[in-house]
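The values are calculated or read from the model by the stated rules, or taken from the named source; none is laboratory data. Computed from a prediction, not measured in an experiment: that's the story for all the values here. Note that each Cβ is placed from the backbone with ideal geometry, even for glycine, and that neighbours are counted across all protein chains shown.
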2 protein chains.
Amino acid sequence: MEKWMQVLTEKIPNQQLISDLAGRYSYSFDASFGEHLPDLVVQAKNREEVVHVLKVANDYHIPVYPRGQGTCLSGGPLPVHGGIVLDLSQWPQEIDVQVEDLTVSVSPSVRTAGINEEAEKHGLMYPPDPSSAHVATIGGNLAENSGGPRGLKYGVTKDYVLGLELVTPEGEIIRTGGQTIKNVTGFDLTKLIVGSEGTLGVITEATLKLVPKPLGKQTMMIEFMNLRTAGAAISHTLTSGILPAKIEMMDQACIAAVENFRPSGLPKDAAAIIIVELDGHPETLKVEIEMLQKIMRKIGATGMTIPTTEKEADDIWFARKQVSPAIAKIKPTKVSEDATVPRSKIPDMMDRLQEIKDKYSLELVVFGHAGDGNLHPNILCDKADAAEMKRVEKAVQEIFEAAVDLGGTLSGEHGIGTMKAPFMEYELGAAGLDMMKRIKESWDPNGIMNPGKIFPEKGQKLVLTDG
Amino acid sequence: MEKWMQVLTEKIPNQQLISDLAGRYSYSFDASFGEHLPDLVVQAKNREEVVHVLKVANDYHIPVYPRGQGTCLSGGPLPVHGGIVLDLSQWPQEIDVQVEDLTVSVSPSVRTAGINEEAEKHGLMYPPDPSSAHVATIGGNLAENSGGPRGLKYGVTKDYVLGLELVTPEGEIIRTGGQTIKNVTGFDLTKLIVGSEGTLGVITEATLKLVPKPLGKQTMMIEFMNLRTAGAAISHTLTSGILPAKIEMMDQACIAAVENFRPSGLPKDAAAIIIVELDGHPETLKVEIEMLQKIMRKIGATGMTIPTTEKEADDIWFARKQVSPAIAKIKPTKVSEDATVPRSKIPDMMDRLQEIKDKYSLELVVFGHAGDGNLHPNILCDKADAAEMKRVEKAVQEIFEAAVDLGGTLSGEHGIGTMKAPFMEYELGAAGLDMMKRIKESWDPNGIMNPGKIFPEKGQKLVLTDG
């Protein structure tokens with residue numbers, strides 16, 4: 001056994017260590033691409049164990065890859081340089097709601113959906129709702145600054161983090177922010193750490209902001225003859241004084257995929273649909289739903305569905321949730337992107353995506369959180385088909401370029417990880433990327449925290465073929 | 001003329017340079033304490049001039065102190081080590097609203113209130129509303145992450161910044177974030193820079209998020225027999241499902257000061273009042289105002305005023321705005337703090353403040369944004385009275401300690417600057433402060449950007465006497 005492993009394992013209970021091949025293999029992938037075998041897996045259950053692991057790793061310059069439930073779509077937890085996978089999902093789940101402060105303290109292993117369930121017991125809400133909320137841990141959500149449909153009205157994970165406890169790459173425990181809504185005491189380390197993809201340390205506790213739970217909600221599904229009109233309908237809605245909680249979009253290919261996968265009564269003949277959820281006081285909802293109908297008629301919607309029961313509304317949202325599994329059935333490999341553009345550029349981005357689809361003759365479908373410009377173009381392909389994957393790689397690159405050219409960004413909510421690292425300089429410029437690197441190097445001089453993520457390695461290119 | 005000054009002035013139009021004593025003197029103070037004379041004032045009007053100033057300053061290791069309108073309450077723009085004051089208030093004012101994107105691009109010199117005025121023309125709103133909004137520039141608001149009454153419902157400046165253009169301490173231009181609501185491309189430099197008090201570079205442009213303007217608003221003033229009940233009323237309101245846009249509080253001393261300064265019909269016999277503003281759809285407002293009345297009756301409010309006209313409401317908010325000028329008349333010197341505590345700790349903080357007031361027999365009054373725990377304890381004193389000022393210094397220190405002990409923070413919205421720097425380690429701990437310093441040093445190796453702010457200098461103590 002190597003020296004570092006010996007020193008590390010001394011202070012960690014044996015049943016929290018995984019060193020056999022089968023065990024390590026199950027930590028070699030996430031929901032994105034590539035397989036990378038770690039040398040050791042540590043299931044940390046308290047901050048002292050995290051401190052120990054980081055101090056040893058820092059002393060011996062061993063890479064550390066923090067991991068929650070591995071639902072990441074951008075390779076965040078992949079141990080691309082081997083070393084240690086630090087599994088935080090087995091940490092005891094602690095949720096402590098401070099009702100009068102409208103805050104909640106959580107351990108990193110808590111399921112994201114569990115936070116909202118707990119909040120609702122007190123008439124409160126934790127708004128961030130990534131699709132993986134029922135599986136993913138808050139630790140992973142914090143590392144990636146996860147979004148979700150409700151981001152349109154309520155913002156993303158970062159907007160709800162008041163304070164953090166972090167173990168630094170050198171094994172020091174620091175507390176950032178606090179329990180107050182307002183805090184301008186020095187640099188905002190809290191918002192720097194949230195979304196840093198585990199490259200600046202390991203989050204061991206978080207204090208999150210809660211909001212009063214809206215008294216009511218109302219769903220509406222609208223059909224369109226083409227994607228551009230759907231895009232325009234979204235812009236008109238958002239400048240009408242109405243701010244829906246969610247505006248989701250599905251193109252014809254997604255609708256067809258869902259109906260073939262699990263028929264849900266979606267309008268198969270529509271070129272696109274948008275699904276809106278309004279929330280707030282019931283009196284307001286009545287007024288807003290009427291305004292919305294007027295807007296949609298005016299812009300040329302070809303159909304509208306306004307569910308009158310919760311069951312009917314749930315069915316529509318269930319159909320939306322089926323998109324990912326449904327399109328995954330089309331072909332063996334699914335390349336999921338989340339390039340994001342300013343809202344007004346959604347129609348242009350739709351056109352660019354159509355061009356890219358035709359140019360490389362690929363199965364490309366589009367859905368996503370259109371209300372905030374956060375689209376999810378997905379390419380369905382077969383990673384066994386090397387020629388096709390080369391075309392996919394080119395297409396993905398052009399999708400990133402299109403987003404940035406339109407004033408958008410590489411990633412709205414999935415993160416950079418390994419997949420988008422090669423394109424960072426294209427968006428940020430050399431000087432911008434350099435200022436990020438300076439922070440990374442000043443916090444992690446030995447480069448042990450999640451190396452190989454965010455920052456492109458020399459000559460790194462997008463590769464969608466495994467290994 | 002010194003060499004650096006010679007090199008610097010070569011590329012800056014003469015009329016944008018101020019080197020005479022009278023001119024420099026007018027840049028030697030802000031709205032806080034202390035006077036510090038700069039060696040030179042440069043009124044920069046474009047990014048190239050900022051780049052030139054910073055490159056020269058960095059080459060010759062000359063301190064640079066960016067400044068807007070100098071309304072800062074924590075010493076942000078004070079040139080404590082001499083050098084250059086970089087005045088950005090003369091920069092041409094540019095406001096460009098992108099209506100469909102719900103965003104606005106601004107130059108650093110734009111008046112904060114001007115942004116909201118422009119947004120309202122399109123049915124939109126820029127929520128942050130610091131009391132100085134009609135004078136202060138957005139550049140200063142960004143540097144200090146300014147708050148304001150509406151912070152309760154809408155958050156603070158940082159919550160509305162999507163992207164920045166920054167000139168780094170070494171004179172490189174970088175762009176952070178962008179125009180999209182969602183962006184997880186690398187570290188969040190945008191939110192790191194906002195609130196960094198000009199220590200990480202000079203902001204030359206910002207893209208801000210706008211929201212739909214609420215369709216209506218309703219004010220309510222409630223009277224209480226004691227401060228604790230007022231505090232409890234706030235907690236009850238916020239856990240009732242109602243989230244007011246503002247909840248402001250004034251204690252008896254503030255009420256008396258306002259009525260003596262400019263009679264506004266405030267209830268002189270009340271121990272405390274809270275002023276609430278609800279906003280949203282008119283139908284919702286009707287329902288919420290009734291709920292609020294029930295809550296206040298139940299908790300033992302001694303009086304309620306519900307204005308029925310906009311004029312009546314404006315009069316109440318005008319009275320609130322009179323507090324600062326009114327209390328300034330009580331004694332020659334006003335020490336304004338903004339220690340912030342978790343909402344549930346407001347009553348405890350009230351008690352601590354009362355104890356401190358008695359212990360040091362000082363004129364201490366309390367008002368502020370009680371809804372988010374952001375209180376403004378103000379001490380009225382006379383800086384000519386050295387003995388009294390020593391007691392004030394002790395009292396201020398105990399106020400900071402009380403806030404931190406109650407799980408709060410040194411500053412909710414005013415910033416650290418020079419005044420609170422000595423207390424940073426008390427709140428952050430040595431390791432936490434060290435991680436902030438690492439960022440500062442990696443971005444500004446020569447320490448030229450706003451030196452003497454945020455980070456305590458060796459042996460630095462709070463001193464409230466000038467010079």
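Below are the figures for this structure:
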| read-out | value |
| --- | --- |
| Residues of region A:254-263 satisfying the condition of being surrounded by fewer than 22 Cβ atoms within 10 Å (Cβ to Cβ), in contact (Cβ under 8 Å) with a residue 60 or more places away in the chain and not aromatic (Phe, Trp, Tyr) | A:Asn260, A:Arg262 |
| Where A:Gly195 falls short, out of the listed (1) touching an Asp or Glu at 6+ places or on another chain (Cβ under 8 Å); (2) at the interface with chain B (Cβ under 8 Å from one of its Cβ atoms); (3) modelled with pLDDT under 95 | (3) |
| Candidate set: region A:298-343, residues that are small (Gly, Ala, Ser) and assigned to a loop (DSSP other than H, G, I, E, B); chosen: the one nearest to A:Leu285 (Cα to Cα) | A:Ala301 |
| Scan of region B:99-116 for residues that are of a type in the set (A, V, I, L, M) and within 12 Å of chain A (Cβ to nearest Cβ), ordered by number | B:Val99, B:Leu102 |
| Candidates B:Pro456, B:Pro422, B:Pro445, filtered to the one that is more than 7 Å from chain A (Cβ to nearest Cβ) and surrounded by fewer than 16 Cβ atoms within 10 Å (Cβ to Cβ) | B:Pro445 |
| Options A:Ile242, A:Ile275: the member that is of a type outside the set (Lys, Arg) and over 13 Å from A:Ile295 (Cβ atoms) | A:Ile275 |
| Selection status of B:Lys329, closer than 15 Å to B:Phe367 by Cα and modelled with pLDDT under 95 | no |
| Test: A:Pro377 is in contact with a Lys or Arg (Cβ under 7 Å, 6 or more places away or on another chain) and either in a helix (DSSP H, G or I) or not aromatic (Phe, Trp, Tyr) (or both) | no |
| Qualifying positions in region A:393-412 - closer than 15 Å to A:Val366 by Cα and aliphatic (A, V, I, L, M) | A:Ala395, A:Val396, A:Ile399, A:Ala402, A:Ala403 |
| Residue match in region B:156-174 (condition: of a type in the set (Gly, Ala, Ser), buried (at least 24 other Cβ atoms within 10 Å of the Cβ) and outside the structural domain of B:Leu292 (by TED's automatic domain parsing)) | no |
| Within region B:11-46, considering residues that are acidic (Asp, Glu) and at pLDDT 95 or above, the one farthest from B:Val202 (Cα to Cα) | B:Asp20 |
| Some residue of region A:390-397 being within 14 Å of another protein chain (Cβ to nearest Cβ), under 25 Å from A:Ala271 (Cβ atoms), outside any loop (DSSP other than H, G, I, E, B) and touching a residue at least 60 places away in the same chain (Cβ under 8 Å) | no |
| So B:Gly412, is it at the interface with chain A (Cβ under 9 Å from one of its Cβ atoms), part of a loop (DSSP other than H, G, I, E, B) and either at pLDDT below 95 or surrounded by fewer than 23 Cβ atoms within 10 Å (Cβ to Cβ) (or both) | yes |
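Residues checked against (1) among the acidic types (Asp, Glu); (2) touching a strand residue (DSSP E or B) at 6+ places or on another chain (Cβ under 7 Å); (3) over 18 Å from A:Asp96 (Cβ atoms):
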{"site": "A:Asn116", "(1), (2), (3)": "no, yes, no"}
{"site": "A:Pro130", "(1), (2), (3)": "no, no, yes"}
{"site": "A:Val161", "(1), (2), (3)": "no, yes, no"}
{"site": "A:Glu172", "(1), (2), (3)": "yes, no, yes"}
{"site": "A:Arg175", "(1), (2), (3)": "no, yes, no"}
{"site": "A:Gln179", "(1), (2), (3)": "no, yes, no"}
{"site": "A:Thr185", "(1), (2), (3)": "no, yes, yes"}
